[in-house]
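The values are calculated or read from the model by the stated rules, or taken from the named source; none is laboratory data. Note that this is a predicted model, so its numbers are computed, not measured. Here the Cβ is made from the backbone with ideal geometry for all residues, glycine too, and neighbour counts use every protein chain on show.
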Amino acid sequence: MKRFLLSALVLAMAVGCSAPQKAPPAAAKPAPTTAAEPAMVKFHTIVDANFVAKYAIIPKPQGVMIVDSRPTGRKFDPGHIPTAINIPDSAFDKMVDKLPADKSTLLIYYCEGETCALSHNSAFKAEKLGYSNIKVYAGGYPDWIAKGNMGAVSVAFIKKQMDDKAPMLLVDSRPKDRKYDKGHIPGAISIPDSAFDKMVDKLPADKGLALYFYCEGVSCVLSSNSAAKAIALGYKNVKVVPEGYPAWVAAYGAGPTVAAAPVAAPAPVAPAAAAAVAPAPTAPITTGFVAGKEPGSLQVSAFEKLLATAPESMRLIDVRDPHEFAAGTFKGASNVPINTLEKRIESLPADKPIVFFCGAGGRGGEAHDMVKLLRSELKTWFLNADITFGKDGSAKIVEKK
(Lines give C-alpha, C1' and ligand atoms only; values in the text may rest on other atoms or scores of the structure.)
Protein backbone atom coordinates (compact mmCIF):
# COMPACT_ATOMS: atom_id res chain seq x y z
CA MET A 1 0.00 0.00 0.00
CA LYS A 2 2.80 2.37 0.96
CA ARG A 3 4.52 1.41 -2.29
CA PHE A 4 1.33 2.28 -4.24
CA LEU A 5 0.95 5.65 -2.53
CA LEU A 6 4.58 6.50 -3.10
CA SER A 7 4.29 5.61 -6.81
CA ALA A 8 1.17 7.71 -7.14
CA LEU A 9 2.88 10.64 -5.49
CA VAL A 10 5.90 10.39 -7.81
CA LEU A 11 3.59 10.17 -10.84
CA ALA A 12 1.63 13.25 -9.76
CA MET A 13 4.82 15.22 -9.25
CA ALA A 14 6.10 14.20 -12.68
CA VAL A 15 2.85 15.24 -14.33
CA GLY A 16 2.91 18.55 -12.49
CA CYS A 17 6.50 19.27 -13.51
CA SER A 18 5.94 18.41 -17.15
CA ALA A 19 2.75 20.48 -17.51
CA PRO A 20 3.32 23.56 -19.61
CA GLN A 21 3.69 26.65 -17.48
CA LYS A 22 1.61 29.65 -18.43
CA ALA A 23 4.04 32.50 -19.21
CA PRO A 24 3.32 35.79 -17.48
CA PRO A 25 1.99 38.46 -19.76
CA ALA A 26 4.81 40.32 -21.48
CA ALA A 27 5.29 43.81 -20.20
CA ALA A 28 4.34 46.40 -22.80
CA LYS A 29 7.29 48.30 -24.15
CA PRO A 30 7.12 51.96 -23.10
CA ALA A 31 6.62 54.38 -25.95
CA PRO A 32 9.68 56.51 -26.62
CA THR A 33 9.43 59.74 -24.67
CA THR A 34 11.25 62.42 -26.64
CA ALA A 35 10.58 65.96 -25.52
CA ALA A 36 8.99 67.90 -28.35
CA GLU A 37 11.07 70.81 -29.59
CA PRO A 38 9.25 74.06 -28.85
CA ALA A 39 8.16 75.74 -32.05
CA MET A 40 10.04 78.95 -32.84
CA VAL A 41 7.85 81.95 -32.17
CA LYS A 42 8.51 84.52 -34.86
CA PHE A 43 8.34 88.23 -34.23
CA HIS A 44 5.34 89.97 -35.73
CA THR A 45 7.21 92.45 -37.96
CA ILE A 46 9.60 90.96 -40.52
CA VAL A 47 11.72 92.89 -43.06
CA ASP A 48 13.99 91.88 -45.93
CA ALA A 49 17.49 92.76 -47.14
CA ASN A 50 16.28 95.73 -49.19
CA PHE A 51 14.81 97.32 -46.08
CA VAL A 52 18.00 96.77 -44.07
CA ALA A 53 20.22 98.09 -46.87
CA LYS A 54 18.71 101.56 -46.47
CA TYR A 55 20.18 101.75 -42.98
CA ALA A 56 23.34 99.59 -43.16
CA ILE A 57 25.33 102.43 -44.70
CA ILE A 58 28.30 104.54 -43.75
CA PRO A 59 28.14 107.19 -42.40
CA LYS A 60 25.85 105.50 -39.91
CA PRO A 61 22.36 107.06 -40.03
CA GLN A 62 20.76 108.55 -36.95
CA GLY A 63 17.61 107.16 -35.40
CA VAL A 64 18.33 103.50 -36.17
CA MET A 65 20.26 100.66 -34.56
CA ILE A 66 21.00 97.34 -36.24
CA VAL A 67 21.54 94.59 -33.68
CA ASP A 68 23.31 91.27 -34.30
CA SER A 69 21.91 88.73 -31.81
CA ARG A 70 24.49 86.03 -32.56
CA PRO A 71 27.47 84.97 -30.39
CA THR A 72 30.35 87.43 -30.54
CA GLY A 73 33.51 85.43 -31.20
CA ARG A 74 32.10 82.68 -33.43
CA LYS A 75 29.72 84.74 -35.54
CA PHE A 76 29.75 88.53 -35.15
CA ASP A 77 33.50 89.17 -35.19
CA PRO A 78 34.27 87.30 -38.45
CA GLY A 79 31.27 88.68 -40.34
CA HIS A 80 28.34 91.02 -39.71
CA ILE A 81 26.20 93.68 -41.35
CA PRO A 82 28.07 97.02 -41.50
CA THR A 83 27.27 99.43 -38.60
CA ALA A 84 25.56 96.64 -36.59
CA ILE A 85 26.29 96.37 -32.89
CA ASN A 86 26.52 93.02 -31.14
CA ILE A 87 24.14 92.12 -28.31
CA PRO A 88 24.05 88.31 -28.15
CA ASP A 89 20.59 87.12 -27.16
CA SER A 90 22.14 85.03 -24.37
CA ALA A 91 23.59 88.24 -22.87
CA PHE A 92 20.62 90.51 -23.58
CA ASP A 93 19.85 91.33 -19.94
CA LYS A 94 23.50 92.09 -19.15
CA MET A 95 23.95 94.33 -22.18
CA VAL A 96 20.63 96.15 -22.22
CA ASP A 97 22.45 99.42 -21.54
CA LYS A 98 23.75 99.33 -25.13
CA LEU A 99 20.23 99.94 -26.43
CA PRO A 100 19.32 103.58 -27.18
CA ALA A 101 17.62 105.74 -24.57
CA ASP A 102 15.01 106.84 -27.12
CA LYS A 103 12.39 104.06 -27.16
CA SER A 104 11.14 105.18 -30.59
CA THR A 105 14.49 104.37 -32.25
CA LEU A 106 14.20 101.91 -35.13
CA LEU A 107 15.70 98.61 -33.95
CA ILE A 108 16.52 95.96 -36.56
CA TYR A 109 17.44 92.54 -35.14
CA TYR A 110 19.00 89.72 -37.13
CA CYS A 111 20.87 86.46 -36.58
CA GLU A 112 21.80 83.36 -38.63
CA GLY A 113 18.82 82.93 -40.96
CA GLU A 114 15.23 81.73 -41.15
CA THR A 115 15.68 78.94 -38.60
CA CYS A 116 17.51 81.09 -36.04
CA ALA A 117 15.36 82.21 -33.11
CA LEU A 118 17.87 84.54 -31.45
CA SER A 119 16.79 87.71 -33.24
CA HIS A 120 13.09 86.99 -32.63
CA ASN A 121 13.75 86.35 -28.93
CA SER A 122 15.70 89.59 -28.56
CA ALA A 123 13.02 91.56 -30.41
CA PHE A 124 10.34 90.34 -27.99
CA LYS A 125 12.56 91.28 -25.04
CA ALA A 126 13.11 94.77 -26.43
CA GLU A 127 9.38 95.16 -26.98
CA LYS A 128 8.76 94.30 -23.32
CA LEU A 129 11.18 97.09 -22.39
CA GLY A 130 8.96 99.57 -24.22
CA TYR A 131 10.67 99.91 -27.59
CA SER A 132 7.97 100.63 -30.14
CA ASN A 133 9.67 100.46 -33.56
CA ILE A 134 11.21 97.00 -33.88
CA LYS A 135 11.81 94.86 -36.96
CA VAL A 136 13.40 91.45 -37.47
CA TYR A 137 15.45 90.68 -40.55
CA ALA A 138 14.64 86.96 -40.59
CA GLY A 139 17.00 86.16 -43.47
CA GLY A 140 19.87 87.40 -41.33
CA TYR A 141 23.55 87.52 -42.19
CA PRO A 142 23.53 84.52 -44.59
CA ASP A 143 20.83 86.19 -46.69
CA TRP A 144 22.66 89.53 -46.52
CA ILE A 145 25.78 88.02 -48.10
CA ALA A 146 23.79 85.88 -50.55
CA LYS A 147 22.16 89.07 -51.85
CA GLY A 148 25.59 90.46 -52.75
CA ASN A 149 25.93 92.94 -49.92
CA MET A 150 29.26 93.76 -48.30
CA GLY A 151 30.19 92.22 -44.97
CA ALA A 152 32.06 93.74 -42.07
CA VAL A 153 34.48 92.43 -39.45
CA SER A 154 35.51 93.69 -36.03
CA VAL A 155 38.93 94.92 -34.92
CA ALA A 156 39.03 91.87 -32.61
CA PHE A 157 38.82 89.64 -35.70
CA ILE A 158 41.63 91.58 -37.40
CA LYS A 159 43.79 91.13 -34.28
CA LYS A 160 43.10 87.39 -34.30
CA GLN A 161 44.02 87.15 -37.99
CA MET A 162 47.30 88.88 -37.22
CA ASP A 163 48.02 86.58 -34.29
CA ASP A 164 47.22 83.54 -36.44
CA LYS A 165 49.35 84.92 -39.29
CA ALA A 166 46.42 84.41 -41.64
CA PRO A 167 46.98 85.53 -45.26
CA MET A 168 45.33 88.92 -45.77
CA LEU A 169 45.93 92.52 -46.78
CA LEU A 170 44.80 95.32 -44.48
CA VAL A 171 44.33 98.68 -46.19
CA ASP A 172 44.15 102.10 -44.53
CA SER A 173 41.96 104.31 -46.74
CA ARG A 174 42.64 107.55 -44.85
CA PRO A 175 44.90 110.38 -46.04
CA LYS A 176 48.51 109.23 -45.66
CA ASP A 177 50.35 112.26 -44.29
CA ARG A 178 47.64 113.50 -41.99
CA LYS A 179 46.26 110.19 -40.70
CA TYR A 180 48.17 107.02 -41.62
CA ASP A 181 51.62 108.45 -40.88
CA LYS A 182 50.47 109.61 -37.45
CA GLY A 183 49.18 106.18 -36.43
CA HIS A 184 47.71 103.13 -38.13
CA ILE A 185 46.82 99.50 -37.45
CA PRO A 186 50.03 97.43 -37.47
CA GLY A 187 50.70 95.78 -40.82
CA ALA A 188 48.28 97.97 -42.77
CA ILE A 189 49.37 99.58 -46.02
CA SER A 190 48.30 103.06 -47.07
CA ILE A 191 46.06 103.46 -50.11
CA PRO A 192 44.12 106.71 -49.58
CA ASP A 193 40.71 106.45 -51.18
CA SER A 194 41.32 109.70 -53.07
CA ALA A 195 44.40 108.09 -54.68
CA PHE A 196 42.94 104.60 -55.14
CA ASP A 197 43.05 104.60 -58.95
CA LYS A 198 46.65 105.82 -58.97
CA MET A 199 47.81 103.22 -56.42
CA VAL A 200 45.84 100.18 -57.55
CA ASP A 201 49.13 98.41 -58.30
CA LYS A 202 49.62 98.03 -54.52
CA LEU A 203 46.72 95.57 -54.40
CA PRO A 204 47.63 91.86 -54.63
CA ALA A 205 47.58 89.88 -57.87
CA ASP A 206 45.59 87.15 -56.11
CA LYS A 207 41.94 88.23 -56.46
CA GLY A 208 40.93 85.67 -53.81
CA LEU A 209 43.12 87.05 -51.01
CA ALA A 210 41.20 88.51 -48.07
CA LEU A 211 41.15 92.33 -48.25
CA TYR A 212 40.07 94.42 -45.26
CA PHE A 213 39.59 98.19 -45.58
CA TYR A 214 39.33 100.63 -42.68
CA CYS A 215 39.36 104.35 -42.04
CA GLU A 216 38.25 106.69 -39.24
CA GLY A 217 35.12 104.98 -37.87
CA VAL A 218 31.43 104.70 -38.69
CA SER A 219 31.28 108.35 -39.77
CA CYS A 220 34.00 107.80 -42.39
CA VAL A 221 33.00 106.51 -45.83
CA LEU A 222 36.50 106.19 -47.30
CA SER A 223 36.95 102.48 -46.50
CA SER A 224 33.58 101.44 -47.90
CA ASN A 225 34.26 103.48 -51.05
CA SER A 226 37.62 101.77 -51.54
CA ALA A 227 36.17 98.33 -50.78
CA ALA A 228 33.52 98.85 -53.46
CA LYS A 229 36.24 99.82 -55.95
CA ALA A 230 38.20 96.66 -55.10
CA ILE A 231 35.10 94.52 -55.66
CA ALA A 232 34.59 96.22 -59.02
CA LEU A 233 38.14 95.16 -59.91
CA GLY A 234 37.21 91.53 -59.31
CA TYR A 235 38.43 90.90 -55.75
CA LYS A 236 36.25 88.19 -54.22
CA ASN A 237 36.94 88.37 -50.49
CA VAL A 238 36.50 92.01 -49.49
CA LYS A 239 35.20 93.32 -46.17
CA VAL A 240 35.26 96.57 -44.25
CA VAL A 241 36.24 97.29 -40.65
CA PRO A 242 33.64 100.00 -39.96
CA GLU A 243 34.86 101.04 -36.50
CA GLY A 244 38.32 101.47 -37.98
CA TYR A 245 41.40 102.95 -36.37
CA PRO A 246 39.61 104.64 -33.44
CA ALA A 247 38.30 101.24 -32.29
CA TRP A 248 41.77 99.71 -32.67
CA VAL A 249 43.25 102.45 -30.46
CA ALA A 250 40.54 101.94 -27.85
CA ALA A 251 41.12 98.18 -27.75
CA TYR A 252 44.86 97.78 -28.32
CA GLY A 253 46.45 101.21 -28.10
CA ALA A 254 47.92 103.51 -30.72
CA GLY A 255 49.56 101.89 -33.73
CA PRO A 256 52.93 102.63 -35.35
CA THR A 257 53.69 105.97 -36.94
CA VAL A 258 55.76 106.95 -39.97
CA ALA A 259 58.57 109.45 -39.55
CA ALA A 260 58.10 112.53 -41.67
CA ALA A 261 60.53 112.85 -44.52
CA PRO A 262 62.97 115.73 -44.04
CA VAL A 263 61.97 118.82 -45.95
CA ALA A 264 64.69 120.07 -48.22
CA ALA A 265 65.74 123.64 -47.61
CA PRO A 266 64.73 125.93 -50.46
CA ALA A 267 67.48 126.99 -52.81
CA PRO A 268 68.78 130.50 -52.13
CA VAL A 269 67.24 133.12 -54.37
CA ALA A 270 69.24 136.05 -55.68
CA PRO A 271 67.89 139.42 -54.49
CA ALA A 272 67.24 140.56 -58.05
CA ALA A 273 65.15 137.49 -58.74
CA ALA A 274 63.34 137.49 -55.41
CA ALA A 275 60.61 139.81 -56.58
CA ALA A 276 59.90 137.63 -59.59
CA VAL A 277 59.24 134.53 -57.47
CA ALA A 278 57.53 136.21 -54.55
CA PRO A 279 54.24 134.48 -53.73
CA ALA A 280 51.02 136.21 -54.56
CA PRO A 281 49.45 138.07 -51.65
CA THR A 282 47.16 135.85 -49.60
CA ALA A 283 43.62 136.68 -48.69
CA PRO A 284 43.37 138.72 -45.49
CA ILE A 285 42.85 136.68 -42.33
CA THR A 286 39.47 137.56 -40.93
CA THR A 287 39.28 138.04 -37.19
CA GLY A 288 37.68 135.21 -35.28
CA PHE A 289 39.60 132.40 -36.96
CA VAL A 290 41.47 130.54 -34.21
CA ALA A 291 43.79 127.66 -35.03
CA GLY A 292 43.09 124.24 -33.52
CA LYS A 293 45.65 121.69 -32.29
CA GLU A 294 46.08 120.02 -35.68
CA PRO A 295 48.06 122.14 -38.20
CA GLY A 296 45.61 123.84 -40.54
CA SER A 297 42.58 123.08 -38.39
CA LEU A 298 40.10 125.63 -37.14
CA GLN A 299 39.16 125.49 -33.48
CA VAL A 300 35.63 124.12 -33.23
CA SER A 301 34.46 126.71 -30.70
CA ALA A 302 35.75 129.50 -32.95
CA PHE A 303 34.01 127.95 -35.97
CA GLU A 304 30.71 127.65 -34.11
CA LYS A 305 30.92 131.30 -33.09
CA LEU A 306 31.67 132.37 -36.66
CA LEU A 307 28.83 130.22 -37.96
CA ALA A 308 26.41 131.84 -35.53
CA THR A 309 27.54 135.45 -35.80
CA ALA A 310 29.45 135.92 -39.08
CA PRO A 311 28.70 133.08 -41.55
CA GLU A 312 29.36 135.46 -44.44
CA SER A 313 33.03 135.71 -43.40
CA MET A 314 33.92 132.27 -44.79
CA ARG A 315 33.26 129.83 -47.61
CA LEU A 316 32.07 126.43 -46.40
CA ILE A 317 33.00 123.49 -48.61
CA ASP A 318 31.72 120.01 -47.82
CA VAL A 319 34.13 117.46 -49.30
CA ARG A 320 31.97 114.40 -48.58
CA ASP A 321 30.21 112.36 -51.23
CA PRO A 322 27.01 113.77 -52.77
CA HIS A 323 24.67 111.38 -50.91
CA GLU A 324 26.22 112.45 -47.60
CA PHE A 325 25.87 116.11 -48.54
CA ALA A 326 22.22 115.56 -49.50
CA ALA A 327 21.48 113.99 -46.11
CA GLY A 328 22.53 117.12 -44.21
CA THR A 329 25.18 119.84 -44.15
CA PHE A 330 25.87 123.36 -42.86
CA LYS A 331 23.63 126.09 -44.22
CA GLY A 332 25.27 127.81 -47.19
CA ALA A 333 27.85 125.07 -47.79
CA SER A 334 28.74 123.89 -51.28
CA ASN A 335 29.70 120.33 -52.18
CA VAL A 336 33.07 119.52 -53.75
CA PRO A 337 33.75 115.79 -53.12
CA ILE A 338 37.39 115.14 -52.30
CA ASN A 339 37.77 112.88 -55.34
CA THR A 340 36.90 115.83 -57.60
CA LEU A 341 38.77 118.58 -55.77
CA GLU A 342 42.03 118.42 -57.75
CA LYS A 343 40.17 118.88 -61.05
CA ARG A 344 38.14 121.77 -59.65
CA ILE A 345 40.89 123.45 -57.69
CA GLU A 346 41.18 126.45 -60.01
CA SER A 347 37.51 127.25 -59.46
CA LEU A 348 37.83 127.63 -55.69
CA PRO A 349 36.98 131.17 -54.52
CA ALA A 350 39.75 133.43 -53.29
CA ASP A 351 37.67 136.22 -51.77
CA LYS A 352 37.22 134.64 -48.34
CA PRO A 353 38.87 131.98 -46.18
CA ILE A 354 37.66 128.48 -47.04
CA VAL A 355 36.68 126.01 -44.34
CA PHE A 356 36.72 122.40 -45.53
CA PHE A 357 34.81 119.78 -43.59
CA CYS A 358 33.65 116.16 -43.79
CA GLY A 359 32.35 113.70 -41.22
CA ALA A 360 35.51 112.69 -39.38
CA GLY A 361 38.20 115.21 -40.29
CA GLY A 362 40.23 113.08 -42.69
CA ARG A 363 38.89 114.30 -46.00
CA GLY A 364 38.70 117.90 -44.79
CA GLY A 365 42.37 117.81 -43.81
CA GLU A 366 43.30 116.23 -47.12
CA ALA A 367 41.47 119.02 -48.96
CA HIS A 368 43.37 121.65 -46.97
CA ASP A 369 46.71 119.95 -47.72
CA MET A 370 45.92 119.65 -51.41
CA VAL A 371 45.10 123.34 -51.71
CA LYS A 372 48.25 124.33 -49.82
CA LEU A 373 50.23 122.32 -52.37
CA LEU A 374 48.43 123.42 -55.56
CA ARG A 375 47.07 126.89 -54.71
CA SER A 376 49.05 128.11 -51.75
CA GLU A 377 47.74 131.67 -52.13
CA LEU A 378 44.33 130.61 -50.82
CA LYS A 379 43.57 130.85 -47.12
CA THR A 380 42.08 127.53 -46.02
CA TRP A 381 41.12 125.80 -42.80
CA PHE A 382 39.52 122.46 -41.99
CA LEU A 383 37.48 121.05 -39.13
CA ASN A 384 39.32 118.22 -37.39
CA ALA A 385 36.14 116.87 -35.84
CA ASP A 386 33.45 114.23 -35.88
CA ILE A 387 30.35 115.90 -37.30
CA THR A 388 26.85 114.45 -37.20
CA PHE A 389 24.09 116.28 -39.04
CA GLY A 390 20.51 116.04 -37.78
CA LYS A 391 17.39 115.83 -39.91
CA ASP A 392 16.37 119.26 -38.62
CA GLY A 393 19.50 120.92 -40.00
CA SER A 394 21.35 120.87 -36.68
CA ALA A 395 24.90 119.60 -36.33
CA LYS A 396 26.80 117.99 -33.49
CA ILE A 397 30.52 118.79 -33.71
CA VAL A 398 33.02 116.96 -31.51
CA GLU A 399 36.61 118.16 -31.89
CA LYS A 400 39.29 115.49 -32.18
CA LYS A 401 41.62 115.27 -29.21
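At a glance:
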| read-out | value |
| --- | --- |
| Residue within the range 223-236 that is under 15 Å from residue 361 (Cα atoms), of a type in the set (Phe, Trp, Tyr) and in contact with a Pro (Cβ under 9 Å, 6 or more places away or on another chain) present | no |
| Qualifying residue in the range 18-32 (condition: at pLDDT below 95 and either assigned to a helix (DSSP H, G or I) or closer than 24 Å to residue 213 by Cβ (or both)) | yes |
| Scope the range 111-143; condition touching a Gly at 6+ places or on another chain (Cβ under 8 Å) and part of a helix (DSSP H, G or I); matching residues | 119, 140, 141, 142, 143 |
| Test: residue in the range 103-110 that is part of a loop (DSSP other than H, G, I, E, B), in contact with an Asp or Glu (Cβ under 7 Å, 6 or more places away or on another chain) and within 30 Å of residue 322 (Cα to Cα) | no |
| Residue match in the range 189-197 (condition: closer than 20 Å to residue 385 by Cα and part of a loop (DSSP other than H, G, I, E, B)) | yes |
| Candidate set from the range 378-390 (those that are part of a strand (DSSP E or B) and not hydrophobic (A, V, I, L, M, F, W, C)); member that is modelled with the highest pLDDT | 380 |
| Qualifying residue in the range 154-170 (condition: surrounded by 15 or more Cβ atoms within 10 Å (Cβ to Cβ), part of a strand (DSSP E or B) and in contact with a His (Cβ under 6 Å, 6 or more places away or on another chain)) | no |
| Candidate set from the range 190-210 (those that are free of Cβ contacts under 8 Å to residues at least 60 places away in the same chain and within 25 Å of residue 296 (Cβ to Cβ)); member that is surrounded by the most Cβ atoms within 10 Å (Cβ to Cβ) | 191 |
| Selected residue (criterion: surrounded by the fewest Cβ atoms within 10 Å (Cβ to Cβ)) from residues of the range 50-91 that are small (Gly, Ala, Ser) and within 15 Å of the chain's Cα centre (by Cα) | 53 |
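Rundown of residues vs (1) modelled with pLDDT under 90; (2) assigned by TED's automatic domain parsing to the domain that holds residue 291; (3) not in a helix (DSSP H, G or I), yes/no style:
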position: 308; (1), (2), (3): no, yes, no
position: 316; (1), (2), (3): no, yes, yes
position: 326; (1), (2), (3): no, yes, no
position: 331; (1), (2), (3): no, yes, yes
position: 352; (1), (2), (3): no, yes, yes
position: 366; (1), (2), (3): no, yes, no
position: 370; (1), (2), (3): no, yes, no
position: 376; (1), (2), (3): no, yes, yes
position: 392; (1), (2), (3): yes, yes, yes
